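Shown next, in C-alpha cells, is the structure this report addresses.
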Amino acid sequence: MDVLVVVGTTACYVYSVYALLYGAISGFWSPTYFETSAMLITFVLLGEYLETLAKGKTSDAIKKLVELTPVPTRFFRSEMRYTTDKCGRVISQREIDALLIQPGDVLKVLPGAKVPVDGVVVWGSNHVNKSMVTGESVLVLKEVNSVVIGSTINLHGSLHIQATKVDSNTVLSQIILVVETSQTSKAPIQKFADYVSIIWHVFCQNSVMTLAN
C-alpha cells in the first residue's frame, strides 16, 4: 500500500512541476495538483499516527493486565497446598512454589492475598474483590462451590480453593491473549485495502513488463 501512495503522490508532484514549467514557457497553464500530493501524504501519515497511538494504548492495557497476574514478585513465592480425603478433610499440607500449581491442587488463600489461579472454593466463606478483572465495584461473596478467578483479592477470612485452570488457561491469561491478538491483527477494511493494493501492484507490474516487451 505504501508503494501505491508513493507512486500516486510522486506522479501528482512530477506532473504539477511539468505543468508549471510548461505554462511558464508556453503561456498555456494547466491545472496543478501540489495540494493533492500534500493532502494524500498528510492523510496517510495521520492514519499511521492514529494507528500507532491506538497500539500504544493497547500495549499499556496489556501491561496493566500482566501486572494483575499473580506471578512471583521476588525470586520465590509460595502457596500452601493441601491434601484432602474423600470427605474433604485435610490430611496433609506443604508449601510449594506458586509456579508448580497444578489443576486439582487445594490451596489456601490468606486474607488480603490474590487468588493464585482460577478455581472452586472447597472450604470457607468470604467476600472477594473482582473489580480488577471484571470491573464489579461490589464485593462478591464466595462460599463452598463458588467459582473464583485468579488475580482477584481475598479480603478478610481464609479460603481453600481447588485449582481448575492454571497458567495460560486462566481467565486473565485469556483476556491478555485476546487483547494481544486484537493488537496484531488488522481490521477487515484494512485487510481488504491491502488485498486491493496487492492486486493493483501486480497489475501495474505486468503492464510495465508487457509494454517493455
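Structure data summary
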item: Computed FRET value (nearest 0.05) for V120 with K55, which takes r as the C-beta separation and R₀ as 45 Å; result: 0.75
item: Projected label distance in nm at I189 and V3, using a 7 Å step from Cα toward the beta-carbon; result: 2.5
item: Sorted peptide list for 126-138, 147-159, criterion being average Cβ within 10 angstrom, highest first; result: 147-159, 126-138
item: Packing-based order for 42-51, 115-124, using average beta carbon neighbours within 10 Å, highest first; result: 115-124, 42-51
item: Full-extension gain in nm, I96 to K63, via 0.36 nm per residue minus C-alpha separation; result: 9.2 nm
item: Computed lengthening from A38 to N169, 0.36 nm per intervening residue step minus Cα-Cα distance; result: 42.2 nm
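Each value in this text was obtained by applying a stated rule to the coordinates, not by laboratory testing. What you see is a predicted model, and the numbers here were worked out from it, not measured in a lab. Ideal geometry is used to build each Cβ from the backbone, glycine not excepted, and the neighbour counts take in all protein chains shown.
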